[in-house]
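Worksheet: the structure to be examined is printed underneath.
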Amino acid sequence: MNTVNALFELEVKKLLRTWIILGFGVIAPIFFLVMQTEISNNTLELYGMEVAAIDFTFPMFAFLSIVVLAIGNVGIGFSYMRSIYFFRRLRLASVKSIQFITANFFVQFLCALFTLIVLITVAATRYSLTLEGKNLLSFGLILVLSFMMCYFIGVFIGNLTTDPKTSQTLSMAVYFVIIFLGGVTYPVELMPDFMQSIANILPTTHAVKVLQISWNGGDIWEEIHLIYIMVTTAIFALLSVKFFKYD
């Protein structure tokens, strides 16, 4: 536990130096929330339910804040740490991969929580977002599960290759595919058919859908979305530990 605590403190200090990542992680979800909500109609249809525009867009961009940190920041961060031989030093210090992953996970999670609080504040003050009647426990648990899924995807991608430049390029490629096709910045329902076919394969699309359903009081088990992200989370959790590279 002492090792995890020490790593946690170290990861916090490292993250605070990368203010660009922190800034983008906060600003991007708010920007897209305002843009999408402003151009949307007063009500939108979601699985047969008529919902307010803010209740359609808020789950999307709450999830976007997760994607920025858990896939973009983690994948690129692993590339940087490998370029400065940080992981080699961890191995010399006999730090286990699961210890580092645990510490890094909680640092990213706290950043995502801060972003979510800012997002709720903006949505509540500008668009009258209300928490009344919402199943916050269900939504919160699914959001945490979605964060775990994205985090493990980011760790896995960051460890596919030991070459920092290749790893960074791969992480950015996956990140932008998810940003544009994963349902986190643009509704999948409005995409052309061929793009929807691609989007429906991506686990992030299913995460957005089940978050929207949960936020608006729908049946989260009616479709396969929740099962899809549960299975994806389990798979990538195992892969992120198995393929962790120190070199």
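The values are calculated or read from the model by the stated rules, or taken from the named source; none is laboratory data. These numbers come from a predicted model, not from an experiment. Positions of Cβ are backbone-derived with ideal geometry, glycine not excepted, and every protein chain shown enters the neighbour counts. Keep in mind that these areas ignore ligands, DNA and RNA; they rest on the heavy atoms of the full protein, side chains included. Shrake-Rupley method; radii C 1.70, N 1.55, O 1.52, S 1.80 Å.
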(request) Please work out how much length the chain gains when fully extended from V34 to S94, using 0.36 nm per residue of separation minus the C-alpha to C-alpha distance, in nm with one decimal. (result) 16.9 nm
(request) Sort F194, F243, F63 by accessible area with a 1.4 Å probe, largest first. (result) F194, F243, F63
(message) Using the Karplus curve 6.51 cos²θ - 1.76 cosθ + 1.60 with θ = phi - 60°, what ³J(HN,Hα) values do you get for each residue of region 29-35, in whole Hz, with x for Gly and Pro?
(response) x, 5, 4, 5, 4, 5, 4
(request) Would you work out if region 86-217 is rounded, prolate or oblate? Take a ≥ b ≥ c from the square roots of the eigenvalues of the alpha-carbon gyration tensor; rounded if a/c is under 1.5, else prolate when a/b is larger than b/c, oblate otherwise. (result) oblate
(request) Using Cα centres only, tell me the gap between region 100-116 and region 122-170 in whole Å. (result) 10 Å
(message) Once R0 is set to 25 Å, what does the formula 1/(1 + (r/R0)^6) return for the Cβ-Cβ distance between Y80 and A173, expressed as a FRET efficiency to the nearest 0.05?
(response) 0.90
(message) Please give me the summed charge of the neighbours of N73: other residues whose Cβ is under 12 Å from its Cβ, Lys and Arg +1, Asp and Glu -1.
(response) 0
(request) With θ set to phi - 60°, apply the Karplus curve 6.51 cos²θ - 1.76 cosθ + 1.60 along region 210-225 and write out the HN-Hα couplings as whole Hz, x wherever there is a Gly or Pro. (result) 6, 5, 5, 5, 4, 4, 9, x, x, 8, 6, 9, 5, 10, 8, 4
(request) List the lysines whose Cα lies under 29 Å from the Cα of K165, skipping any in the same chain that are fewer than 8 positions away. (result) K13, K14, K96, K242, K245
(request) Determine the gain in length on full extension of the stretch L137-F194; use 0.36 nm per residue of separation and subtract their C-alpha separation, reporting nm with one decimal. (result) 17.0 nm
(request) May I ask you to derive the relative contact order of the chain, considering only C-alpha pairs under 8 Å and at least 6 residues apart, and to give it as an integer percent? (result) 28 percent
(request) Just subtract the alpha-carbon distance of I120 and F106 from 0.36 nm times their residue separation and send over the number in nm, one decimal. (result) 3.0 nm
(message) For Rg and Dmax of the Cα atoms in Å, pick the label among [x] 18.1, 58; [y] 21.8, 78; [z] 33.0, 120 that corresponds to the value derived from the coordinates.
(response) [x]
